[in-house]
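Q: Pasting in a structure now, in structure tokens, and then I'll have a few things to ask.
The values are calculated or read from the model by the stated rules, or taken from the named source; none is laboratory data. Because the structure is predicted, anything quoted here is derived from the model rather than measured. Counting neighbours? That spans all protein chains shown, and the Cβs are built from the backbone with ideal geometry, glycine included. Note: areas computed on protein heavy atoms with side chains; ligands, DNA, RNA excluded. Shrake-Rupley method; radii C 1.70, N 1.55, O 1.52, S 1.80 Å.
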Amino acid sequence: MKKRSFILYALALSAAGLGYATLGSRKAAAGPQHIDSTTFAVGGRDVVAYFNLPRTSAPTQGVAGSRRFTASWRGAQFAFATAENRDLFLASPERYAPQYDGHCAWAAGQGYKAPGSPDVWAIVNGKLYLNYSHDIRRRWEKGTPGQINAADTHWLKLGQEPGTTGNAEDYKAEAAPTL
């Protein structure tokens, strides 16, 4: 792209309210985390621990966090199993926090917010994604790259809307950690 064309393109994006620096960035649209009945983000699960769990076709439950090791980020409390995991999170929260502020990745790809279940998760390209239910996760997996691209695009607007509360369909409240 010629320099003049690039400048015109950047100005057009800026005029449209997108801004060159935020194009494709969920950080610019970060909003409230999804909070379920535990009152903690991700159902009180340790978000760092997800990255060390076995990858299976049916995800396992996340590791329970503890009230002894918590951190606040983007207006939500996160719980961790260990002080080390809490410190890793605080050093790089964008790396460990669930995408779309813990809302369902499939719903975000469809253009709306829905609760994400801490029991229905996947790690794709080093990022944690939650889905509303196992059925929704199967739909999401049929076209994961396209689903993520659509969700990233929708999230530029959705991220500014209020977060969801309540439990996702396949969330087992009785299995939540006692915090």
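Q: State all residues of region 89-110 that are open to solvent by 70 Å² or more (accessible area, probe 1.4 Å) and under 17 Å from the mean Cα position of the chain (by Cα); if no residue qualifies, say none. Write out each step before concluding.
A: Here is the first cut: in region 89-110, the residues open to solvent by 70 Å² or more (accessible area, probe 1.4 Å) are 90-91, 94-95, 110.
Of everything in region 89-110, those that are open to solvent by 70 Å² or more (accessible area, probe 1.4 Å) and under 17 Å from the mean Cα position of the chain (by Cα) turn out to be 90, 94, 95, 110.
Q: So which residues in region 111-138 are surrounded by 15 or more Cβ atoms within 10 Å (Cβ to Cβ), of a type in the set (D, E, K, R) and either modelled with pLDDT under 90 or not in a strand (DSSP E or B) (or both), if there are any at all?
A: Once the filter is applied, which keeps residues that are surrounded by 15 or more Cβ atoms within 10 Å (Cβ to Cβ), of a type in the set (D, E, K, R) and either modelled with pLDDT under 90 or not in a strand (DSSP E or B) (or both), region 111-138 yields 113, 119, 137.
Q: Now for a separate question. Is there a residue being among the basic types (Lys, Arg) and modelled with pLDDT under 95 anywhere in region 75-89?
A: no
Q: Determine whether region 30-48 contains at least one residue that is in contact with a Gly (Cβ under 8 Å, 6 or more places away or on another chain) and modelled with pLDDT under 60.
A: yes
Q: A further question on this structure: Of the conditions (1) assigned to a strand (DSSP E or B); (2) touching a residue at least 24 places away in the same chain (Cβ under 8 Å); (3) open to solvent by less than 40 Å² (accessible area, probe 1.4 Å), residue 71 satisfies every one except a single condition; which number is it?
A: With respect to (1) assigned to a strand (DSSP E or B); (2) touching a residue at least 24 places away in the same chain (Cβ under 8 Å); (3) open to solvent by less than 40 Å² (accessible area, probe 1.4 Å), residue 71 is out only on (2).
Q: While we're looking at this one, here's another question. Restricting to region 145-161, give me the number of residues that are open to solvent by 60 Å² or more (accessible area, probe 1.4 Å) and part of a loop (DSSP other than H, G, I, E, B).
A: Going through region 145-161 one residue at a time, the tally reaches 2.
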